[in-house]
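The values are calculated or read from the model by the stated rules, or taken from the named source; none is laboratory data. Everything quoted here is computed from the prediction, not taken from an experiment. Positions of Cβ are generated from backbone atoms using ideal geometry, with glycine treated the same way; all protein chains shown enter the neighbour counts. The protein model used for the area step is the full one, side chains on, heavy atoms only, and it has no ligands, DNA or RNA in it. Shrake-Rupley method; radii C 1.70, N 1.55, O 1.52, S 1.80 Å.
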Amino acid sequence: MTDPSPVLEMTGITKQFPAVRALDGVDFRLLPGEIHALLGENGAGKSTLIKVATGVQESDAGTIRLGGVPVRFPAPAAAQAAGISTVYQEVNLCPNLSVAENILIGREPTRAGRIRWKELERQAAELVARFGLDVDVSAPLDAYPLAVQQLVAIVRAAAVQAKVLILDEPTSSLDRQEVTRLFELMRRLRDEGVAICFVTHFLDQIYEVCDRMTVLRGGRVVGEHLVSDLDQGGLVRLMVGRELAELDELADHVRTESAQHTEDAAPALLHAQGTGRRGGIEPFDLEVRAGEVLGLAGLLGSGRTELARLLFGADQADSGTLTVDGEAVTLRSPADAIERGIAFCSEDRKAEGLIPALTVRENIILAMQAARGWIRPVSARQRDELVSQYITALDIRPANPDVLAGQLSGGNQQKLLLARWLITQPRLLILDEPTRGIDVGAKAEIQKLVVSLSDEGMAMVFISAELEEVLRLSHTVGVLRDRRLVATWANGPELGTDQVLSTIASGVHE
Amino acid sequence: MTAPVLDTSETPPKRAADRPKRFAALLGSKRLPVYVTAALFVAMYIGGYSRYQNLNFGTGQVVANLFVDNCYLLVAAVGATFVILSGGIDLSIGSMIGFTTMLTAFLVQKEHWPVLLVAPLALAIGAAGGALMGYVIHEFEIQPFIVTLAGLFLFRGLCEMVNKESIQITDHTVTRLALFHIQLPGDTFLSLGAVLSLVVLAAAVYVLHHTRFGRRVYALGGNEHSALLMGVPVGRTKIAVYTVSGFCSAFAGLLFTLYIQSGDPLHALGLELDAIAAVVIGGTLLTGGSGYVLGTLLGVLVLGLIKTLISFEGTLSSWWTKIATGALLLAFILLQRVMAAKRR
């Protein structure tokens, strides 16, 4: 097969945001009649690239050619008119309009300016039926569940006779059967000559349906391959950005007496049996003992955070049982979990954790005060004592309780968040990506802290995208993939990054 | 296009499950508030009839007067419906009406311009004022609340620029137009203003439900970001919506002039709030995207009927109108909340 000329060709695309360069000279080609996977971890630049291609944002530099002709897209309408059709990750339709209107808005059949409603609904019904969906097109869109809405969005995008169809994580709200339906539809459109760009975090799906792939990392293209040329291990390495050998070296640290820990007769502090949540994470079994660090590894979107949120009651499980201290519990809200000594440090410390406009002191005391209720205030003396104790213990700098939290560096903010939870003296601490985006020194300090806290008998769930970190700190390692806990091992010298990586990549547990 | 290749035989989609249930459909129906308002109107009317039938409450003219006495409010509320459906708000309505009465009275009475020239001019100024506010809202991404608040002060201030005191209109054409009546069967009549307001209403129903522009207004109110991504020209639509509102305000101003035959800097003070109340009582969501102009008509009629009932009662202060309006508004906003919660 000769290489046909690309339908969409983006060259040297650069996009600078105030803080980061989201795209740095990215070249991206879409050929007619192919399904092309666009891959990369969070922050790699996928979304920005799609926004540039669809006219939501304009790039600072670079050219876009459509069918060989240079084009500019100042607005989404311009990209659509040129034949680029997009389905975004969140359903981007108007829930108040009917299904038919959502599919055909902007292309309503009219006669002398008057919308022909009968014709509109007939056309929409035809399109919907073509895609094997059974919905009443005259009903408002919000009468249907999210998955159906997502399929309607796809029908809308495919109905335009587009040359290019961009699907940004369309499968995240679909179940297996709906995904199968979608893939059949994608293959059919491909065979009709449409160029499809498919973004997903599910690696299996890439190998199931895609022909070629482009991998982004840190705003640059790190690889453009035929899917058949690159196995899942190679792909994960490309995305994560480290060669296996390099990882091996980093992971060559002492693994402590983990075997004893897991063999320990200490009863489980928290025990999950078949706990799961539809659309979040499939049912899993998990056990954490006092003094044990349970590390969770997996790619972004593999269900790491979803699992943690279930244990903390931030989301409610819809299956399975959860026991704390041998007693079955239902965690209806984070307050329930806090009451049982479970604490959760969110991965998004800016949005979900710290309050930047309050001082260090106020931030530290927040969770403790919340746990006590507003009726029993903490006395000023006791508060100052506790605050200075934790500032010293965690070495928060500057060691001044009156500094605003927003002025601290990332690492110190993370320590501050930790202090806030530690002050409530939790028995199980869930840390979701505690070391992301902080410098090496602070990272090491937080890792040391995890070790010493577990030595003191605190149970921890440690979630991190960095494998070596998980392997260094954990007594038990769990691997998540495609929203499933696929393996749990007792950590030990025999457990290598290779094995974990290949499990992340293939889902097969050797 | 070949026959569908998607195999759905494996999982026959259950029609009953895929379709919204009937009862739930009624509770979640966007028409429910309109039905409630209609029922309320009927109940109030029956209540009034049983209490005041000796005072000729039952005559057709009582109903016809609801249209005659509230024609300007109806037109203003129709404009407000466009804005609220799109997810915005327009606080400049009352001022625009006041300004129009002032300008019309001044040009007709003092400058002796022909009414047929002044009317289009006033409408054009209203539309242009609305377009300007829409442009500022869209281009500078400012809250419509603030921009139209500025409009409120601006046009009220401009009233005094035209003339400091109120102007009585004795112009022959205006008087004749004001007295023009359309005779209906059963010894009832509609004024010219009432008829024109119904024409505006019919035009609005057509535009909102049968043109692309109308559907864009709904799309904008449903989810502006989505509408943008779906290729709806958000900016143009937004500017157009405020233009419609400005036009309707000026139109309402002309009807008000006709109704009261004078211009006054204090005319229609706070009328935008009545218009917004009528829209909300008529079942349109304040957050936008859901509602009907016919609901707005019902809202105006309910407000008008409250006034009528209180005047028939005779002993009640007219302030009770405000109390009743406030209570109704609260009830309808709560109904909207409950419906929104049901839907989720």
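Overview of values
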{"quantity": "Criterion: touching a Lys or Arg at 6+ places or on another chain (Cβ under 8 Å) and within 25 Å of B:ALA203 (Cβ to Cβ) - qualifying residue of B:GLY288, B:GLY283", "calculated": "B:GLY283"}
{"quantity": "When residues of the stretch A:301-351 are limited to those that are more than 27 Å from A:MET239 (Cβ to Cβ) and among the β-branched types (Val, Ile, Thr), the one surrounded by the fewest Cβ atoms within 10 Å (Cβ to Cβ)", "calculated": "A:THR330"}
{"quantity": "Residue count, the stretch A:145-175 (criterion: in a loop (DSSP other than H, G, I, E, B) and in contact with a Pro (Cβ under 8 Å, 6 or more places away or on another chain))", "calculated": "1"}
{"quantity": "Residue pairs meeting the criteria (Cβ under 8 Å; at least 6 apart or on separate chains; first open to solvent by 60 Å² or more (accessible area, probe 1.4 Å), in the stretch A:225-251; second part of a helix (DSSP H, G or I) and modelled with pLDDT under 55)", "calculated": "A:ARG237/A:LEU244"}
{"quantity": "Qualifying residue in the stretch B:220-230 (condition: aliphatic (A, V, I, L, M) and either in contact (Cβ under 8 Å) with a residue 12 or more places away in the chain or away from chain A (no Cβ under 14 Å) (or both))", "calculated": "yes"}
{"quantity": "Test: A:LEU422 is of a type outside the set (Ser, Thr, Tyr), open to solvent by less than 30 Å² (accessible area, probe 1.4 Å) and either at pLDDT below 75 or in contact with a strand residue (DSSP E or B) (Cβ under 7 Å, 6 or more places away or on another chain) (or both)", "calculated": "no"}
{"quantity": "Lone qualifier among A:LEU366, A:LEU331, A:LEU307, A:LEU311 - being assigned to a helix (DSSP H, G or I) and more than 23 Å from A:LEU473 (Cα to Cα)", "calculated": "A:LEU366"}
{"quantity": "Matching residues, the stretch B:209-226, being crowded, with 21+ Cβ neighbours inside 10 Å and not small (Gly, Ala, Ser)", "calculated": "B:ARG215, B:ARG216, B:VAL217, B:TYR218, B:LEU220, B:ASN223"}
{"quantity": "One residue from A:ALA61, A:ALA79 being under 22 Å from A:PRO170 (Cβ atoms), touching a Ser or Thr at 6+ places or on another chain (Cβ under 8 Å) and modelled with pLDDT of 85 or more", "calculated": "A:ALA79"}
{"quantity": "Positions within the stretch A:89-126 being within 11 Å of chain B (Cβ to nearest Cβ), more than 23 Å from B:PHE213 (Cβ to Cβ) and at pLDDT below 90, in sequence order", "calculated": "A:GLU90, A:VAL91"}
{"quantity": "Residue match in the stretch B:252-272 (condition: more than 11 Å from chain A (Cβ to nearest Cβ), within 20 Å of B:GLY291 (Cα to Cα) and open to solvent by less than 40 Å² (accessible area, probe 1.4 Å))", "calculated": "yes"}
{"quantity": "Failed item, numbered, when A:GLY132 is tested on (1) away from chain B (no Cβ under 11 Å); (2) open to solvent by less than 30 Å² (accessible area, probe 1.4 Å); (3) at pLDDT below 85; (4) within 27 Å of A:LEU97 (Cα to Cα)", "calculated": "(1)"}
{"quantity": "Qualifying position, being among the hydrophobic types (A, V, I, L, M, F, W, C) and farther than 25 Å from B:HIS267 by Cβ, among B:VAL78, B:VAL68, B:VAL42, B:VAL83", "calculated": "B:VAL42"}
{"quantity": "Exclusive hit being away from chain A (no Cβ under 14 Å) and either under 16 Å from the mean Cα position of the chain (by Cα) or at pLDDT 95 or above (or both), set B:VAL217, B:VAL244", "calculated": "B:VAL244"}
{"quantity": "Enumeration of residues in the stretch A:126-144 that are within 20 Å of A:ASN92 (Cα to Cα) and of a type outside the set (Phe, Trp, Tyr)", "calculated": "A:LEU127, A:VAL128, A:LEU133, A:VAL135, A:ASP136, A:VAL137, A:SER138, A:ALA139, A:PRO140, A:LEU141, A:ASP142, A:ALA143"}
{"quantity": "Answer from B:VAL200, B:VAL195, B:VAL207 - the residue that is more than 30 Å from A:GLN150 (Cβ to Cβ) and within 11 Å of chain A (Cβ to nearest Cβ)", "calculated": "B:VAL207"}
{"quantity": "Set B:LEU254, B:LEU220, B:LEU228: member being within 30 Å of A:VAL91 (Cα to Cα) and in contact with a Ser or Thr (Cβ under 8 Å, 6 or more places away or on another chain)", "calculated": "B:LEU220"}
{"quantity": "Pick from the stretch B:291-307, criterion among the β-branched types (Val, Ile, Thr) and buried (at least 23 other Cβ atoms within 10 Å of the Cβ), ranking: farthest from B:ALA43 (Cα to Cα)", "calculated": "B:VAL293"}
{"quantity": "Residue check for B:VAL234: within 14 Å of chain A (Cβ to nearest Cβ), open to solvent by 20 Å² or more (accessible area, probe 1.4 Å) and in contact (Cβ under 8 Å) with a residue 12 or more places away in the chain", "calculated": "no"}
{"quantity": "Evaluation of A:ASP402 against (1) surrounded by 12 or more Cβ atoms within 10 Å (Cβ to Cβ); (2) in contact (Cβ under 8 Å) with a residue 40 or more places away in the chain; (3) touching a Lys or Arg at 6+ places or on another chain (Cβ under 7 Å) (one fails), failing number", "calculated": "(1)"}
{"quantity": "Pairs, first touching a residue at least 60 places away in the same chain (Cβ under 8 Å) and under 12 Å from B:ASN65 (Cα atoms) in the stretch B:191-206, second open to solvent by less than 40 Å² (accessible area, probe 1.4 Å) and not in a strand (DSSP E or B), C-beta under 6 Å, six or more apart", "calculated": "B:SER191/B:VAL68; B:GLY193/B:CYS71; B:GLY193/B:LEU255; B:GLY193/B:LEU258; B:ALA194/B:VAL68; B:ALA194/B:CYS71"}
{"quantity": "Where a residue in the stretch A:135-152 is more than 8 Å from chain B (Cβ to nearest Cβ) and farther than 17 Å from A:LEU174 by Cα and its partner, wherever it lies, is in a helix (DSSP H, G or I) and open to solvent by 50 Å² or more (accessible area, probe 1.4 Å), with Cβ under 7 Å and at least six apart", "calculated": "A:VAL137/A:GLU121; A:SER138/A:GLU121"}
{"quantity": "Matching residues in the stretch A:47-88 - criterion: being more than 12 Å from chain B (Cβ to nearest Cβ) and without any contact (Cβ under 8 Å) to a residue 24 or more places away in the chain", "calculated": "A:GLU58, A:VAL69, A:PRO70, A:VAL71, A:ARG72"}
{"quantity": "Members of the stretch A:371-392 that are out of contact with any helix residue (DSSP H, G or I) (no Cβ under 7 Å at 6 or more places or on another chain), free of Cβ contacts under 8 Å to residues at least 24 places away in the same chain and not in a loop (DSSP other than H, G, I, E, B)", "calculated": "A:ARG372, A:ALA380, A:ARG381, A:GLN382, A:ASP384, A:GLU385, A:SER388, A:GLN389, A:THR392"}
{"quantity": "Subset of the stretch A:28-56 that is open to solvent by 50 Å² or more (accessible area, probe 1.4 Å) and among the polar types (S, T, N, Q) - its residue that is farthest from A:ARG212 (Cα to Cα)", "calculated": "A:ASN42"}
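Residues are listed down the side, and each one gets a yes or a no for (1) touching a residue at least 24 places away in the same chain (Cβ under 8 Å); (2) under 20 Å from B:VAL75 (Cα atoms):
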residue	(1), (2)
B:PHE99	yes, yes
B:PHE106	yes, no
B:TRP113	no, no
B:GLY126	yes, yes
B:ALA131	yes, yes
B:GLN143	no, no
B:ILE146	no, no
